[in-house]
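What follows is a set of notes on a single structure, which appears directly below.
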Amino acid sequence: MKRPDNGPTILVINAGSSSIKFAQYQKDEPLKRVLHGKIDRIGLSDTNLTCNPTQENPKITYVLTPSEQKSSSTFLVDWLEKKIDFTSIFAIGHRIVQGMQHTEPQWVTQDLMNELNGSRAYDPEHMPREIELIESFRQKKPNHPQLACFDTVFHRNMPRVAKQLAIPRRYESQGIQRYGFHGLSFSYSMDELMRLGDSSASRGLVILAHLGSGASLAAVRDGRSMDTSMGFTPTAGIPMSTRSGDLDPGLCSYLAHTEHMSPSQFGNMVNHESGLLGISEISSDMRDLLAQETKDVRAAEAVALFCYQTKKWIGSFAAVLGGLDTLVFSGGIGENAPSVRTRICKDMGFLGIELNESLNEQAASVISSEGSRVKVRIIRTDEELMIARAVQDSHSNDSFIQRNTL
């Protein structure tokens, strides 16, 4: 892969629950993506890296060995170091799922790293990998500033009633509340609605459904997050690839007595052995389950549960908002699984949701029928672009970077 010819670039790293996406952007107006790729299906036997250097160059596909899969973060940093010219990169942006009380992106400093390490318990499924990636770049590229972009920022102004947990009040002072996640994806969807001239983006009622390996929904009124399905951790809400979603908290005590299950074992079960994988006993990947559902009732039940729970959240959020103007599907499942969208929207005419099945099969940008009171859209999310924009916007204070970054 060649170094871009037109000046400085931004490297973006987006670590998710089952993938690590990466992209490189030229610092132009607008930003121009010159490289993108991902390590996909992390945790499954066929973990692979794909990369599209440019439109002119062929796609690269590489299947990771078992030893490489064990530390996909380290593997990616080493691979990028060999494949791209870091002399053009002036900063690296990262998605950080848990942002605690932060209200905007932050340049990585030692103080911030201490804070992130101290908050691992808030999100043990994402934070270790994200911290590992930052530390790997710090060791190999110590002169490259790094920016942390927090998923929770989008939900910082949720009403207090949506943030509170019904446990003893004293725990709130320890930071235990509902935070909400997928904020970079939700921000992109709202920006796209604005760009498309959809008035609901600024003055209207919107439900955003980011459906991927990790999945959550957000209720947005007049551009402000009013509620979201994930809570204190990304385990809450609808069932996901390997995460359970909401559970009766009494289950933890019950399994401790009947199965002698420890807290760590329970955490592993609800984060890595549940969701689509737990119900189907086949796969955590919706693509695999859709291919098997006519042959295996377990796959069919996993798909049905996912769609049923998503439908429930849409209904509850319509109640929170007092109506609905626009429903947006995004994420790997939301963007690419028309049958899932159909099942979620089926019998939702009472809310004003009616699909045009032909447009839905084509994955058109608008998939609702002409008579649908609610506009149903597919927006192909771009968290990497949101991170690159944040790096570009934050880069103006160069003295801060030089003085404070690692």
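The values are calculated or read from the model by the stated rules, or taken from the named source; none is laboratory data. Remember, predicted model here, so these are calculated numbers, not experimental data. Backbone-built Cβ (ideal geometry, glycine too); neighbour counts: all protein chains shown. Surface accessibility is based on the protein's heavy atoms, side chains included, excluding ligands, DNA and RNA. Shrake-Rupley method; radii C 1.70, N 1.55, O 1.52, S 1.80 Å.
Run down His260, His272 and say which single residue is over 19 Å from the mean Cα position of the chain (by Cα) and either open to solvent by 60 Å² or more (accessible area, probe 1.4 Å) or not hydrophobic (A, V, I, L, M, F, W, C) (or both). The match here is His260.
Report whether or not Ser372 is surrounded by 15 or more Cβ atoms within 10 Å (Cβ to Cβ) and of a type in the set (Ser, Thr, Tyr).
Working: surrounded by 15 or more Cβ atoms within 10 Å (Cβ to Cβ): yes; of a type in the set (Ser, Thr, Tyr): yes.
Judged against the criteria, Ser372 is a match.
The residues in the stretch 384-399 that are more than 30 Å from Leu324 (Cβ to Cβ) and modelled with pLDDT of 75 or more can be counted, and the count is 6. Residues that are at pLDDT below 95 and either among the hydrophobic types (A, V, I, L, M, F, W, C) or in contact with a Phe, Trp or Tyr (Cβ under 9 Å, 6 or more places away or on another chain) (or both) within the stretch 204-231 comprise just one, Gly214.
Would you mind stating whether Ser316 is open to solvent by less than 60 Å² (accessible area, probe 1.4 Å), polar (S, T, N, Q) and without any contact (Cβ under 8 Å) to a residue 60 or more places away in the chain? Criteria met by Ser316.
Applying the criterion of being open to solvent by 60 Å² or more (accessible area, probe 1.4 Å) and farther than 28 Å from Thr342 by Cβ to the residues of the stretch 173-201, the residue that is modelled with the lowest pLDDT is Gln174.
Kindly indicate which of Thr381, Thr326 is under 18 Å from Leu205 (Cα atoms) and either basic (Lys, Arg) or modelled with pLDDT of 95 or more (or both). Let's see the steps before the verdict.
Details: Thr381 fails: under 18 Å from Leu205 (Cα atoms).
Step by step, each of Thr381, Thr326 is checked, and only Thr326 is under 18 Å from Leu205 (Cα atoms) and either basic (Lys, Arg) or modelled with pLDDT of 95 or more (or both).
So which of Val303, Val270 is touching a residue at least 24 places away in the same chain (Cβ under 8 Å), part of a helix (DSSP H, G or I) and more than 17 Å from Ser17 (Cα to Cα)?
Val303
Checking Gln402, Gln309 one by one, the residue that is modelled with pLDDT under 95, open to solvent by 10 Å² or more (accessible area, probe 1.4 Å) and assigned to a helix (DSSP H, G or I) is Gln402 and no other.
Given the criteria of a type in the set (A, V, I, L, M), more than 17 Å from Glu383 (Cβ to Cβ) and either open to solvent by less than 50 Å² (accessible area, probe 1.4 Å) or assigned to a strand (DSSP E or B) (or both), does Leu44 qualify? In short, yes.
Does Gly332 meet the test of being open to solvent by 20 Å² or more (accessible area, probe 1.4 Å), small (Gly, Ala, Ser) and in contact with a helix residue (DSSP H, G or I) (Cβ under 8 Å, 6 or more places away or on another chain)? Break it down stepwise before answering.
On the way: open to solvent by 20 Å² or more (accessible area, probe 1.4 Å): yes; small (Gly, Ala, Ser): yes; in contact with a helix residue (DSSP H, G or I) (Cβ under 8 Å, 6 or more places away or on another chain): yes.
It is true that Gly332 is open to solvent by 20 Å² or more (accessible area, probe 1.4 Å), small (Gly, Ala, Ser) and in contact with a helix residue (DSSP H, G or I) (Cβ under 8 Å, 6 or more places away or on another chain).
Please specify each residue of the stretch 100-139 satisfying the condition of being in a loop (DSSP other than H, G, I, E, B), closer than 16 Å to Ala15 by Cα and acidic (Asp, Glu). Answer for the stretch 100-139, where residues must be in a loop (DSSP other than H, G, I, E, B), closer than 16 Å to Ala15 by Cα and acidic (Asp, Glu): Asp123, Glu125. Somewhere in the stretch 88-108, is a residue hydroxyl-bearing (Ser, Thr, Tyr) and under 19 Å from His272 (Cα atoms)? No, every residue in the stretch 88-108 fails to be hydroxyl-bearing (Ser, Thr, Tyr) and under 19 Å from His272 (Cα atoms). The C-beta contact set for the stretch 88-102 (first residue within 23 Å of Lys141 (Cα to Cα), second residue among the hydroxyl-bearing types (Ser, Thr, Tyr), distance under 6 angstrom, 6+ apart or interchain) comprises Ser88/Thr9; Ile89/Thr9. Applying the condition of being closer than 27 Å to Gly43 by Cα and in contact with an Asp or Glu (Cβ under 9 Å, 6 or more places away or on another chain) to the stretch 202-213 and asking which residue is most open to solvent (accessible area, probe 1.4 Å) yields Ser213. For the structure I just gave you, tell me whether Tyr62 is open to solvent by 30 Å² or more (accessible area, probe 1.4 Å), hydroxyl-bearing (Ser, Thr, Tyr) and not in a helix (DSSP H, G or I). Against the criterion (open to solvent by 30 Å² or more (accessible area, probe 1.4 Å), hydroxyl-bearing (Ser, Thr, Tyr) and not in a helix (DSSP H, G or I)), Tyr62 qualifies.
Is it the case that Val366 is β-branched (Val, Ile, Thr), in contact (Cβ under 8 Å) with a residue 40 or more places away in the chain and within 30 Å of Asn14 (Cβ to Cβ)? Answer is no for this residue.
Quick grid of which residues meet (1) touching a residue at least 60 places away in the same chain (Cβ under 8 Å); (2) in contact with a helix residue (DSSP H, G or I) (Cβ under 7 Å, 6 or more places away or on another chain):
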site: Asn48; (1), (2): no, no
site: Asn52; (1), (2): no, no
site: Thr61; (1), (2): no, no
site: Asn117; (1), (2): no, yes
site: Glu125; (1), (2): yes, yes
site: Gln139; (1), (2): no, no
site: Cys149; (1), (2): yes, yes
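Considering Pro105, Pro128, Pro145, Pro159, which residue is open to solvent by 40 Å² or more (accessible area, probe 1.4 Å), more than 23 Å from Thr242 (Cα to Cα) and not polar (S, T, N, Q)? Please lay out each step first, then the result.
Details: Pro128 fails: more than 23 Å from Thr242 (Cα to Cα); Pro145 fails: open to solvent by 40 Å² or more (accessible area, probe 1.4 Å); Pro159 fails: open to solvent by 40 Å² or more (accessible area, probe 1.4 Å).
The unique qualifying residue is Pro105.
Residues that are open to solvent by 40 Å² or more (accessible area, probe 1.4 Å) and not acidic (Asp, Glu) were ranked within the stretch 72-96; the one that is nearest to Ser394 (Cα to Cα) is Thr87. Only a single criterion out of (1) assigned to a loop (DSSP other than H, G, I, E, B); (2) touching a strand residue (DSSP E or B) at 6+ places or on another chain (Cβ under 7 Å); (3) open to solvent by 20 Å² or more (accessible area, probe 1.4 Å) is not satisfied by Ile353, namely (3).
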